[in-house]
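**Student:** One structure is given below, represented as structure tokens, and several questions about it will come after.
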Number of protein chains: 2
Amino acid sequence: MQIQPSFRATAPQGRTTGDVSDLLSSMVPTAVTFYAPDQPIYGQGDAAGPLYLVEFGTVRICRLTADGRRQISAFHTAGEVFGFEAGIEHDSFAESVDGAGIRVLRPNCNGQPTASLLLLALRSLARTQHHLMVLGRRNAGERMAALLVDLAERQGNEPVVNLSMQRNDIADYLGITFETVSRILRTFKEQKLIRLRSISQIEILDLDTLQDMCE
Amino acid sequence: MQIQPSFRATAPQGRTTGDVSDLLSSMVPTAVTFYAPDQPIYGQGDAAGPLYLVEFGTVRICRLTADGRRQISAFHTAGEVFGFEAGIEHDSFAESVDGAGIRVLRPNCNGQPTASLLLLALRSLARTQHHLMVLGRRNAGERMAALLVDLAERQGNEPVVNLSMQRNDIADYLGITFETVSRILRTFKEQKLIRLRSISQIEILDLDTLQDMCE
DNA sequence: CGACCTGTTGATTCTGCTCAATCAACGTGG
DNA sequence: CCACGTTGATTGAGCAGAATCAACAGGTCG
């Protein structure tokens, strides 16, 4: 049986930017726009259509409950594409976390949905499903470990992880409170799993244990 | 500006089956296979590739932690397609919940990824993101309300909702324990929000209140 | 310098989990 | 037909993890 690569996504080990260059050919990119910290990129209810490519910085995808509780469904960093929507308008909103450079990708009129477009959507889906497990079945420490491992991996597994987002964002991503984030980081420190170089720099001392907590 | 329908998904109000007929043209459907309750459809680590169309019954998509905790990321019912994967193999597994009829859709060799394929993936993404909010920022009662409202809507907003899954599945879908599911249903009953016709039939008495709990 | 914002820490509360008993429904075998 | 075992659901008691409420520290910026 021959498997069609278009939706089985044969080459996941390639870097994201590799696929993006493919994507660019089917869409019309604009110049890079800078978004200051906390600046909105698109809002809930805005018309969907264009996609957004992160050039640098970090973006958060958020949703609010009626009484103001916030859930961040994803952080996006350099090379990643966001803005996918099944409906005609966005039901999440996107904001710059720390000052981000964004390239808007506008669809051109003739374009087919390329394989890479589908692949990017499927990666978002896989990531979201993984996060679903974290929120549904993991306690606060395991959630924090999952985030640290994820960030470390995205940043090339260097010993020092940069937290571009603040405690509040971390909490709303992990479905806990920012006080709990603080406490968990302290216990990790006491267990010699990490070292807090500064408020936004975490040195990973024991990656194995952190991975074991959330594999 | 012209918006490309392929990934903006212009016609979300259509029934899912309508899009599936489009999808069928680009893939090779097999005959319907019956899966008995709890029978696996595909396993974690199995090669991804084909998609699966639910003809009748309910399917659960699951993931396990190393110590055996389970998270159900989605239930799929008649007309829905599942089995999307970004990588070369499945990182979730799928099982029949209550006895389900499944049609396997095998990709043919020439096919492009059609627009409807992308649309289905984006719907899965939207659903998963919505569920992420439920798991991250909602308490047990609100989670249960969200499920009931979702099921009611899927079943055409009839007054009586059929629970094709048992308490254990509901719990693992909502990220709570089955005892809590029981307790929440009892409080809903005491609040006259629902009536328990039988163990698997719930009569919705106050849909508005349930919707308010989870909008 | 003071106001403000973010982060940390402590005290207390509470939601939901764990452990456990009980019950109802069902199937099996004597 | 009944005794028994099994499985799923309900309910209760006690506990633990995380939230809430509150105080305080450190850094930044006007």
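**Student:** In whole angstrom, how far apart do the alpha carbon centroids of the range A:198-215 and the range A:38-110 sit?
**Tutor:** With the range A:198-215 and the range A:38-110 each reduced to a Cα centre, they are spaced 28 Å.
**Student:** Name the residue, out of B:Met27, B:Met133, B:Met144, whose mean-square fluctuation peaks in a Gaussian network model built on chain B with Cα pairs under 10 Å.
**Tutor:** In this elastic network of chain B, the residue with the biggest mean-square fluctuation among B:Met27, B:Met133, B:Met144 is B:Met133.
**Student:** Placing +1 on the Cβ of each Lys and Arg and -1 on the Cβ of each Asp and Glu in the range B:138-205, which of B:Ser164, B:Thr177, B:Leu205 has its Cα farthest towards the positive end of the resulting dipole?
**Tutor:** Positive-end residue among those listed: B:Leu205.
**Student:** What does the charge dipole of chain A about its Cα centre add up to, to the nearest 20 debye, if the Cβ of each Lys and Arg holds +1 and the Cβ of each Asp and Glu holds -1?
**Tutor:** That gives a dipole near 220 debye.
**Student:** Same structure, new question: Residue-wise, which Karplus ³J(HN,Hα) couplings in Hz belong to the range B:116-131, taking 6.51 cos²θ - 1.76 cosθ + 1.60, θ = phi - 60°, and x for glycine or proline?
**Tutor:** 5, 5, 4, 4, 5, 4, 5, 5, 4, 4, 4, 4, 5, 5, 4, 5
**Student:** Amide H of A:Ser92 versus every other amide H placed in the peptide plane: which residues, excluding those fewer than 5 positions away on the same chain, fall under 5 Å?
**Tutor:** A:Gly45
**Student:** Follow-up. For the range B:44-170, what does the equivalent ellipsoid look like in terms of its semi-axes, each the square root of 5 times an eigenvalue of the Cα gyration tensor, given largest first in whole Å? It would help to have the intermediate numbers written out before the result.
**Tutor:** Details: eigenvalues 128, 65, 45 Å².
Square roots of five times the eigenvalues give 25, 18, 15 Å.
**Student:** Could I ask something else about it? Work out the mean other chain Cβ neighbour count within 10 Å for the residues of A:81-90 and drop it here as an integer.
**Tutor:** Working: counts 0, 0, 1, 9, 8, 15, 9, 7, 2, 0.
If you average over the peptide's residues, the count of other-chain Cβ atoms is 5.
**Student:** In square nanometres, what is the average projected area of the Cα convex hull of the protein assembly as shown?
**Tutor:** Details: hull surface 82.2 nm².
Answer in nm², one decimal: 20.6.
**Student:** Can you give the percent of C-alpha pairs in chain A whose distance is more than 23 Å? Could you put the intermediate results ahead of the total?
**Tutor:** Values: 11445 of 23005 pairs.
Across chain A, Cα pairs with separations above 23 Å total 50 percent.
**Student:** Nearest 20 debye, what's the magnitude of the dipole of the range B:63-159 about its Cα centre given +1 on Lys and Arg Cβ and -1 on Asp and Glu Cβ?
**Tutor:** I would put it at about 180 debye.
**Student:** Express the Stokes-Einstein translational diffusion coefficient of the range B:107-215 in µm² s⁻¹, to the nearest whole number, given a Kirkwood radius over alpha-carbon pairs, 10 °C and a viscosity of 1.306 mPa s.
**Tutor:** Details: Rh = 15.2 Å.
Once the numbers are plugged in, D ends up at 105 µm²/s.
**Student:** Under the definition of partner shielding as Cβ atoms of other protein chains within 10 Å of a residue Cβ, what is the mean value for peptide A:134-141?
**Tutor:** Numbers: counts 5, 9, 17, 12, 4, 0, 0, 0.
Per residue, the average neighbour count from other chains is 6.
All of the numbers you see were taken from the coordinates with simple rules; none came from a lab. Note that this is a predicted model, so its numbers are computed, not measured. Methodologically, a virtual Cβ is constructed for each residue, glycine included, from the backbone with ideal geometry; neighbour enumeration extends over all protein chains shown.
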